[in-house]
Amino acid sequence: MLTYKAPVADINFLLKDVFGYYSHYEKFPEFEEATPDLVDAIFQECAKFCENELLPLYQSGDKEGCQFDNGNVTTPKGFKDAYQKYVEGGWQSLSHPLEHGGQGLPPSLGMVKSEMMGTANWSWAMYPGLSHGAMNTVETHGTKEQKELYLTRLTEGTWTGTMCLTEPQCGTDLGQVKTKAVPNGDGTYNITGTKIFISAGEHDLTENIIHIVLARLPDAPAGTRGISLFIVPKIQTDQQGNLGEGNNVTCGSIEDKMGIKASATAVLNFDNAQGVLIGPENKGLECMFTFMNTARIGTALQGVCSAELAYQNSLIYAKERLSMRSLTGKKNPEQVADPIIVHPDVRKMLMTQKAISEGGRAMIYYAAKLVDEIEMAKTEEDRQKADDKLGFITPILKAFLTELGLESANNGLQIFGGHGYIKEWGMEQIVRDARISTLYEGTTGIQALDLLGRKILLTRGKSLNTFTKEVLLFCKDKSVLSKNPHKRQMNKFIWPLSKAVANWQQYSLRLALKAKKNRDIVGSASVDYLMYSGYIVMGYFWAQMAQSAYEKLATDVENRDFYRAKIKTAEFYFNRMLPRTKSHAKTMMEDPKTLMQLDPELLSFL
């Protein structure tokens, strides 16, 4: 019952008009083939693959789920065939280096591809998607031999990769990792332990799965300082990549989950499985963050995908479903009732979905551009500058966009009413699938602590100042004081955005001062602070989109309706969503006393 059409027009608007992607690509000789014509052709073909191959498997995959039998996992009907077409089409290799068999196109194009695939079928997209983190880790920290062995096959898609971090006794607190790594004396290690919640940890799509595993060497320091990182293939291979015997990596079970049922979430048992060290000893946590940042941005993308799929289907339903009459008079007099899209509350939910999906897409594409700059940086200074900026917004992207993606999915179910609660319409599946995005790769609370604790307080607001300076420079350039031809139209965005940024800086300073007196203020304020920050960041990009739309209205007669819709959605965002910062500001500045004063024993009298 669900439909999906890739939002190519909106994607092109962001790439060409808002973020200037093609002049960005021209800065890097390696991306010379990323011309508008080629990129447009890629988008068109990717859209066809997603709409024709992946979307039809979305609901059927959820209904069938993955099947577990004595350590083997079978994916739902059609998944394996779609994956084979994906590999044959060269989609996995799209934005990976030429030296490993990739096509050498920008990583940012890979993000666009991932958005289309994730919106059409998030469960399916997780199988190839998990490989990217493993590939980035091997590319950054692996030896020449490790790159030659693993990257070529991961790039072509004949092997997939995973991240094996979580254990039964620990999730986010990786200092509790117990998996052991014992040296064999020949450069290999025997890995023993159990990992849980391993997405795509076992499946039937590829001949081998390469696991990136956190484990401890003998006599390693306690806590996070004593964790190393290892490459552990499911099937042993020689240096030429020929498959040998099994590697004592077995799937103990797969989780029976609330959502993303077509994506296998495995319990993996490593019983003296042979692995090799990647990166320095006891530096596994640092190496891990290579793929953790990738994973967090990928999870943020799920928020956008959930919002987009819910919005597209909600809009169709709201235009067709007849119920009651408009309060301002009949809008459809020849029918027994008006379509529900005429009702202000339904319209509010639709506009919220639209603002979330399009604003979230802009946030992701801004981050994707930074990823390009990091990977192609010629100097450490350039790389660090882009990496610091990306590191600052990553927890905001991950937590804020997944929370709003879930809100959009819930709005969709609400718009469908009772039909939304019925499986055949697909809306309840979007809600179930979206729910995990706020949890994995670090819950919203963990991302919030990272933002306020590490990125703000520990750096004394350095990254915040860098980002807010960028926003204020934009506001100054677009304000009434500048020579901007659209200055009057833009003032309705610029003034509230400028004020919000100034308040953001002041509240951050006040929280820092409060935290010196009571450290609990960090935990009590952090989630509200992150959401507060997220609404301002999204407001920045909605202001940019409005500015670009005003500029295009002056020259592009053919697409006037598109640009007018963009401006009106920006107006909605600033009028109806940016004010949410006020309640978050009020709550985050409150003393944590009311949270902590009640003894745990008094929380219940059962």
Query raised in the report: Going by the structure shown, is ASP204 part of a loop (DSSP other than H, G, I, E, B), within 17 Å of ILE235 (Cα to Cα) and either among the acidic types (Asp, Glu) or in contact with a strand residue (DSSP E or B) (Cβ under 6 Å, 6 or more places away or on another chain) (or both)?
Result: yes
Query raised in the report: What do you reckon, is THR162 in a strand (DSSP E or B) and either farther than 27 Å from GLN67 by Cβ or in contact with a helix residue (DSSP H, G or I) (Cβ under 7 Å, 6 or more places away or on another chain) (or both)?
Result: yes
Query raised in the report: What pairs can you find where one residue is in the stretch 137-158 and at positive phi, the other is assigned to a helix (DSSP H, G or I) and among the aromatic types (Phe, Trp, Tyr), and their Cβ atoms are less than 7 Å apart, with a gap of 6+ or different chains?
Result: GLY157/TYR86
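Okay, residues lined up against (1) crowded, with 17+ Cβ neighbours inside 10 Å; (2) over 18 Å from LEU165 (Cβ atoms); (3) not small (Gly, Ala, Ser):
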position: ARG216; (1), (2), (3): yes, no, yes
position: SER228; (1), (2), (3): yes, no, no
position: ILE235; (1), (2), (3): no, yes, yes
position: MET258; (1), (2), (3): no, yes, yes
**Report entry** Selection status of VAL73, among the hydrophobic types (A, V, I, L, M, F, W, C), open to solvent by 20 Å² or more (accessible area, probe 1.4 Å) and either within 30 Å of GLU148 (Cβ to Cβ) or outside any helix (DSSP H, G or I) (or both)
**Finding:** no
Requested in this report: May I ask you to say which residue of GLU334, GLU286 is part of a helix (DSSP H, G or I), charged (D, E, K, R) and free of Cβ contacts under 8 Å to residues at least 12 places away in the same chain?
Outcome: GLU286
Query raised in the report: Could you say whether any residue in the stretch 271-293 is crowded, with 17+ Cβ neighbours inside 10 Å, closer than 14 Å to TYR189 by Cβ and in contact with a His (Cβ under 7 Å, 6 or more places away or on another chain)?
Result: yes
Query raised in the report: Among the residues of the stretch 186-239, how many are without any contact (Cβ under 8 Å) to a residue 60 or more places away in the chain and of a type in the set (S, T, N, Q)?
Result: 3
Requested in this report: Among what's in the stretch 81-99 and is in contact with a Phe, Trp or Tyr (Cβ under 8 Å, 6 or more places away or on another chain) and among the small types (Gly, Ala, Ser), pick the residue that is surrounded by the fewest Cβ atoms within 10 Å (Cβ to Cβ).
Outcome: GLY89
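State the number of residues belonging to the stretch 366-386 that are of a type in the set (D, E, K, R), in a helix (DSSP H, G or I) and exposed (fewer than 15 other Cβ atoms within 10 Å of the Cβ). Steps first, answer last, please.
If we filter the stretch 366-386 for residues that are of a type in the set (D, E, K, R), which is where we start, we get 369, 372-373, 375, 378, 380-383, 385.
Checking the rest, the ones that are also in a helix (DSSP H, G or I) come to 369, 372-373, 375, 380-383, 385.
Checking the rest, the ones that are also exposed (fewer than 15 other Cβ atoms within 10 Å of the Cβ) come to 380-382.
The total comes to 3.
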Requested in this report: Scan GLY142, GLY78, GLY102, GLY118 and give me the residue that is crowded, with 19+ Cβ neighbours inside 10 Å and within 27 Å of ASP256 (Cβ to Cβ).
Outcome: GLY118
Requested in this report: Search the stretch 369-394 for residues that are acidic (Asp, Glu) and pair each with any residue that is buried (at least 16 other Cβ atoms within 10 Å of the Cβ) when their beta-carbon atoms are under 6 Å apart and the residues are at least 6 apart or on different chains.
Outcome: ASP372/PRO106; ASP372/PRO107; ASP372/SER108; GLU373/ALA386; GLU375/PRO107; ASP387/ILE374; ASP388/SER463
**Report entry** Checklist (1) without any contact (Cβ under 8 Å) to a residue 12 or more places away in the chain; (2) under 25 Å from the mean Cα position of the chain (by Cα) applied to GLU26, failing item
**Finding:** (2)
Query raised in the report: under 30 Å from SER314 (Cβ atoms) and either in contact with a Leu (Cβ under 8 Å, 6 or more places away or on another chain) or β-branched (Val, Ile, Thr) (or both): does that describe TYR58?
Result: yes
Query raised in the report: Just for the stretch 542-567: of the residues that are small (Gly, Ala, Ser) and surrounded by fewer than 18 Cβ atoms within 10 Å (Cβ to Cβ), which one is farthest from the chain's Cα centre (by Cα)?
Result: ALA554
Query raised in the report: What about LEU530, is it of a type in the set (A, V, I, L, M, F, W, C) and in contact (Cβ under 8 Å) with a residue 60 or more places away in the chain?
Result: yes
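May I ask you to verify whether MET363 is closer than 30 Å to GLU32 by Cβ, open to solvent by less than 50 Å² (accessible area, probe 1.4 Å) and touching a residue at least 12 places away in the same chain (Cβ under 8 Å)? Lay out the reasoning, then the answer.
Working: closer than 30 Å to GLU32 by Cβ: yes; open to solvent by less than 50 Å² (accessible area, probe 1.4 Å): yes; touching a residue at least 12 places away in the same chain (Cβ under 8 Å): yes.
For MET363, the condition - closer than 30 Å to GLU32 by Cβ, open to solvent by less than 50 Å² (accessible area, probe 1.4 Å) and touching a residue at least 12 places away in the same chain (Cβ under 8 Å) - is met.
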Query raised in the report: Of the residues that sit in the stretch 568-603 and are free of Cβ contacts under 8 Å to residues at least 60 places away in the same chain and open to solvent by less than 60 Å² (accessible area, probe 1.4 Å), which one is farthest from VAL18 (Cα to Cα)?
Result: HIS584
Requested in this report: Among the helices (runs of 4 or more DSSP H) lying completely within the stretch 417-506, list those that include at least 1 residues that are at pLDDT below 95, open to solvent by 30 Å² or more (accessible area, probe 1.4 Å) and more than 30 Å from MET292 (Cβ to Cβ).
Outcome: 462-478
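The values are calculated or read from the model by the stated rules, or taken from the named source; none is laboratory data. Here the structure is a predicted model, which is why all the values come from computation and not from measurement. When we count neighbours, we look across all protein chains shown, and the Cβ atoms used for this are built from the backbone with ideal geometry, even at glycine. SASA here: full protein model, heavy atoms, side chains in, ligands and nucleic acids out. Shrake-Rupley method; radii C 1.70, N 1.55, O 1.52, S 1.80 Å.
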